[in-house]
């Protein structure tokens, strides 16, 4: 009887640990096959047949439709370049250039993956509508209050994520460094 009780306890404990680890992995993602450049992270294999099982489970759980490798790649950022979490009450500046791409979008999401509600109904920018400097670089201010130039409102939420999608780009599985793919910098300028 004691052996059966110990066996059942061990099986229950193993089930709880296994399901908990799976839930954590599908909620927070994994670093398997991840490409990190500065504060930006992409998982270029998610749109291929070579996707790892954890990323596949995350895609199913979130209901995402990943960008296929031949179409482009999506980078996300939840921190600035100094690893400070992106805070909707602070001014955050995304500046510089993007890797070569036919088209790109920069979108603001809450930490659950939903667009951030704001009075302007402005959720992001595209490469076609952004105001650029004479050298081709740009600066986007992400803040709760109105700013001159390229301004993206946060609605004052506490935490958010940025997603930079590059379409028809050479950036992908073979990319490894900032030199291969010059990503925009993310800087926290100050808090309200």
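What follows draws every value from the coordinates through simple rules; no lab data is involved. Given the structure is predicted, the values throughout are model-derived calculations rather than measurements. Virtual Cβ from ideal backbone geometry, glycine too; neighbours counted across all protein chains shown.
The length gained on full extension between residue 130 and residue 167, counted as 0.36 nm times the residue separation minus their Cα-Cα distance, comes to 11.7 nm.
Among 84, 112, a tally of other beta-carbon atoms within 10 Å of each Cβ gives an order, fewest to most, of 112, 84. Neighbour counts of other Cβ atoms within 10 Å put 160, 109 in the fewest-to-most order 109, 160. Residues 103, 125, ranked from the fewest to the most other C-beta atoms within 10 Å, line up as 103, 125.
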